[in-house]
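Here is the structure we will look at, set down as structure tokens.
The values are calculated or read from the model by the stated rules, or taken from the named source; none is laboratory data. Quantities reported herein were computed from a predicted structural model and do not represent experimental measurements. Here Cβ is always computed from backbone atoms with ideal geometry, including for glycine, and neighbour counts include all displayed protein chains. Each accessible area value is taken on the protein alone, full model and side chains, heavy atoms only, with ligands, DNA and RNA left out. Shrake-Rupley method; radii C 1.70, N 1.55, O 1.52, S 1.80 Å.
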Amino acid sequence: MNNPINRDKALQPLSREHHQSLLLCWKIRTGFRKNVEVSLIKSYVDWFYKNHVQSHFELEEKHVFSILGKEHELVKRALAEHRKLRRLFKEENEVVKNLGLIEEKLEAHIRFEERILFNEIQKMATRKELKEMELLHMGSDSLKKPQEWKNEFWK
Ligand SMILES: [Fe+2]
Ligand SMILES: [Fe+2]
């Protein structure tokens, strides 16, 4: 993201998804600024969660964080943030407040992964582990397909 050149090939698909998630945060902010009906923002956020975020989190937990192990402090922090974010995405009450929290916490989580956690993972992973990650073709299929979302409230 900031330094795409320094990002190992194995992690580039996930970094591209991070970019999409940062866009989601921007779309939430823009929706608020333009006084878009909250239910419209929420249904897009729900769709994005089901089609991108869920699989992204699962991939990270299964194939990326595992390189450092569950007991590693940075992994503990990432897992706690995933837990918190999953709760926020599933929350159906106090929608405005929770969308605001998603916007804030998701962006902070991505900055943490890109600036700290992914660098550490790249540093610690063996060549073999990086190759294995690369061969997984990580990244959700939905990002490879054109996104179908008719109501682009952010435009
Ligand atoms: Fe994550
Ligand atoms: Fe991530």
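For a quick check of your reading: which helices (runs of 4 or more DSSP H) sit entirely within region 38-155 and have at least 1 residues that are farther than 20 Å from residue 27 by Cβ and more than 16 Å from ligand 1 (Cβ to nearest atom)?
Numbers: elements: 38-48, 54-59, 73-90, 95-112, 118-124, 127-135.
Here the list reads 118-124, 127-135.
Can you tell me which residues in region 46-102 are among the acidic types (Asp, Glu), open to solvent by less than 40 Å² (accessible area, probe 1.4 Å) and within 16 Å of ligand 2 (Cβ to nearest atom)?
Within region 46-102, the first condition is being among the acidic types (Asp, Glu), and the residues that meet it are 46, 58, 60-61, 71, 73, 81, 91-92, 94.
If we keep only those that are open to solvent by less than 40 Å² (accessible area, probe 1.4 Å) as well, we get 46, 60.
If the condition is that a residue be among the acidic types (Asp, Glu), open to solvent by less than 40 Å² (accessible area, probe 1.4 Å) and within 16 Å of ligand 2 (Cβ to nearest atom), then 60 is the only one that fits.
Table: residues versus (1) among the aromatic types (Phe, Trp, Tyr); (2) over 13 Å from residue 106 (Cβ atoms); (3) in contact (Cβ under 8 Å) with a residue 40 or more places away in the chain.
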position: 18; (1), (2), (3): no, no, yes
position: 21; (1), (2), (3): no, no, yes
position: 29; (1), (2), (3): no, no, yes
position: 45; (1), (2), (3): no, no, yes
position: 57; (1), (2), (3): yes, no, no
position: 61; (1), (2), (3): no, yes, no
position: 66; (1), (2), (3): no, yes, no
position: 69; (1), (2), (3): no, yes, no
position: 73; (1), (2), (3): no, yes, no
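Under the condition of being of a type in the set (Ser, Thr, Tyr) and closer than 22 Å to residue 155 by Cβ, which residue from region 1-45 is most open to solvent (accessible area, probe 1.4 Å)?
Quick first cut of region 1-45, residues of a type in the set (Ser, Thr, Tyr) only: 15, 21, 30, 39, 43-44.
Checking the rest, the ones that are also closer than 22 Å to residue 155 by Cβ come to 21, 30, 39, 43-44.
Numbers: 21: 15, 30: 3, 39: 66, 43: 47, 44: 3 Å².
Among those that are of a type in the set (Ser, Thr, Tyr) and closer than 22 Å to residue 155 by Cβ, it is 39.
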